[in-house]
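Q: I am attaching a structure below and will ask some questions about it afterwards.
The values are calculated or read from the model by the stated rules, or taken from the named source; none is laboratory data. For clarity, every value in this text was computed on a predicted model and none was experimentally measured. Note that we place each Cβ from the backbone using ideal geometry, even for glycine, and neighbour counts take in every protein chain shown. Remember, those area values only see protein heavy atoms, side chains included, never the ligands or the DNA or RNA. Shrake-Rupley method; radii C 1.70, N 1.55, O 1.52, S 1.80 Å.
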Amino acid sequence: MDLPLLRAMWVVNADGRSKFDSDSASDSPKGSIGMNFADRDYFIGLQGAPAGASFVGAPVVGRTSGITVIPYGRPRLAPGGQPDGGVIWTTFS
């Protein structure tokens, strides 16, 4: 599948630590598995967000890519409904 505007995708846990990174999945040396994103506005915006909510962050320079991107995210909820991280993806700005 060709997604020219998609930069990368991550799954982060409740603490903001990356558990999956599409760059790592493609054997890119720029992967961020284990990196913490808890200080980023897009992660903070997901905390306490209801199911189905989305968050668009301010343009930011990627820590591993050095490319300015626009982050988007959706919360991931645990079975009890509490925040359990989220899915984050970025597009080129």
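Q: Can you name the residue in region 1-30 that is at pLDDT below 70 and among the small types (Gly, Ala, Ser) and, of all such residues, is nearest to Val60 (Cα to Cα)?
A: Ser28
Q: Looking only at region 61-90, filter to residues that are under 11 Å from the mean Cα position of the chain (by Cα) and of a type in the set (Ser, Thr, Tyr); which one of those is nearest to Ser24 (Cα to Cα)?
A: Selected residue: Thr90.
Q: Still on this structure: Just give me the residues in region 35-47 being touching a strand residue (DSSP E or B) at 6+ places or on another chain (Cβ under 6 Å) and either open to solvent by less than 30 Å² (accessible area, probe 1.4 Å) or in a loop (DSSP other than H, G, I, E, B) (or both), in sequence order.
A: Within region 35-47, Met35, Phe37, Tyr42, Gly45, Leu46, Gln47 meet the criteria.
Q: Could you give every pair whose Cβ atoms fall below 7 Å, whose first residue belongs to region 52-76 and is in contact (Cβ under 8 Å) with a residue 60 or more places away in the chain and under 15 Å from Val12 (Cβ atoms), and whose second residue is surrounded by 12 or more Cβ atoms within 10 Å (Cβ to Cβ) and among the small types (Gly, Ala, Ser), counting only separations of at least 6 or pairs across chains?
A: If the second residue must be surrounded by 12 or more Cβ atoms within 10 Å (Cβ to Cβ) and among the small types (Gly, Ala, Ser), the pairs left are Arg76/Gly85; Arg76/Gly86.
Q: If Ser54 satisfies every condition in (1) touching a Lys or Arg at 6+ places or on another chain (Cβ under 8 Å); (2) surrounded by 16 or more Cβ atoms within 10 Å (Cβ to Cβ) but one, which is the exception?
A: (2)
Q: Does region 64-78 hold any residues that are at pLDDT below 90, open to solvent by 50 Å² or more (accessible area, probe 1.4 Å) and either part of a helix (DSSP H, G or I) or over 16 Å from Phe20 (Cβ atoms) (or both), and which are they?
A: Gly66, Ile67, Leu77
Q: Moving on. Within region 79-93, how many residues are open to solvent by 80 Å² or more (accessible area, probe 1.4 Å) and under 17 Å from Asp23 (Cα atoms)?
A: 1
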